[in-house]
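Below is one structure, written out as structure tokens; comments come after it.
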Amino acid sequence: MLVGCGSDFEAPDATVSEPLVPEPRLSSIQENVFTPGCAAFASCHDSNSPAADLNLTDGHSYAQLVNVKSSINPEETRVIPGFSEDSFLIKKLRDHLGPLEQDGEAMPLRNPPLDEETIQAIEEWIDAGAAND
């Protein structure tokens with residue numbers, strides 16, 4: 001039996017909305033990708049014990065990504081402003097990893113890959129200079 005407040009009670013809409021595609025800005029990528037998927041959901045890149053020494057919590061992502069060498073492969077830079085195709089972050093998201101075992105696995109680990117539109121938004125942010133907005 002459903003009980004509501006008054007006669008105008010309507011059951012909540014049970015449809016599930018599609019995830020939002022972030023805008024190509026760090027703040028939007030943080031809100032729609034890093035915080036819910038990298039730092040909070042899997043807790044892999046949180047502030048307590050970040051995997052690969054990469055803390056993707058709000059307020060830390062920029063300093064941890066842009067012009068920073070990868071801790072798992074110091075020959076790679078996580079985000080190179082203006083060059084998404086050379087950025088290790090994109091290689092990890094697209095699974096374009098080198099033959100070196102130290103490159104690790106594609107991200108997100110043990111979860112479905114990000115959709116193409118989301119990866120493109122991250123690439124656009126990087127190609128536009130990877131600004132910290």
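Rule-based calculations on the coordinates, nothing more; no lab input. Note that the structure is predicted; figures quoted are calculated from it, not measured. All Cβ positions, glycine included, derive from the backbone under ideal geometry; neighbour counts span all protein chains shown.
Some notes on this structure:
- On the basis of the beta-carbon distance and an R0 of 35 Å, Asp86 and Asn48 show a calculated FRET efficiency of 0.70.
- Neighbours of Thr35 by Cβ distance under 13 Å: Lys/Arg scored +1, Asp/Glu scored -1, total -3.
- Exposure proxy ranking, count of Cβ atoms within 10 Å, fewest first, for Phe83, Phe88: Phe83, Phe88
- Global form of the range 26-127, assessed from the alpha-carbon gyration tensor, a/c cut-off 1.5: rounded
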